[in-house]
Amino acid sequence: MALATAATDAIHFMRQHDTKLRFLAAGGLNTLFGLATFPVLMWTLTSLAKHYLLVLTIAQVLSVCFSFLTSKFLVFRTSGNYLAEFGKFITFHAVYFLANLAALPVIVELLGVPPIWGQFAFAVAVIVTSYFWHSRITFQRRSS
């Protein structure tokens, strides 16, 4: 009896929070893609290895495009509006990327925080705020 109740509660929870759960799953996939992209590009674009910020920019563009596709088709499941949604999606991530480029050297050089920890703080901020931005602005469903 308790097992049946727990299963019913779990199913209810999953139905109630299905978009958030898909967001977390897609986020894991996007994170794996994003974490792999920079080193793969550094290893394959050896002529650009000394220009790691350029490689970072290329990796960021690829990762954001991948993330848009997973968000649109796996998480929010919207149809049409490709350019409008992509523009809103890019706006969010471009602002964060520019803020990241400006703040990370300050955090590392002036505050003495190791780059990985400074970047981790940015990643957490992106994760938390991106759900709210994308669910309410980028992929907002229009009422008919």
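The values are calculated or read from the model by the stated rules, or taken from the named source; none is laboratory data. Only a predicted model underlies this, so the values are computations on that prediction, with no experimental measurement involved. Glycine also receives a Cβ, built like all others from the backbone with ideal geometry; neighbour counts cover every protein chain displayed.
Quick notes
- Residue in the stretch 4-20 that is surrounded by 13 or more Cβ atoms within 10 Å (Cβ to Cβ) and either β-branched (Val, Ile, Thr) or modelled with pLDDT under 85 (or both) present: yes
- Conditions (1) modelled with pLDDT of 90 or more; (2) within 23 Å of residue 19 (Cα to Cα): number failed by residue 61: (2)
- Test: residue in the stretch 113-129 that is modelled with pLDDT of 85 or more and under 21 Å from residue 64 (Cβ atoms): yes
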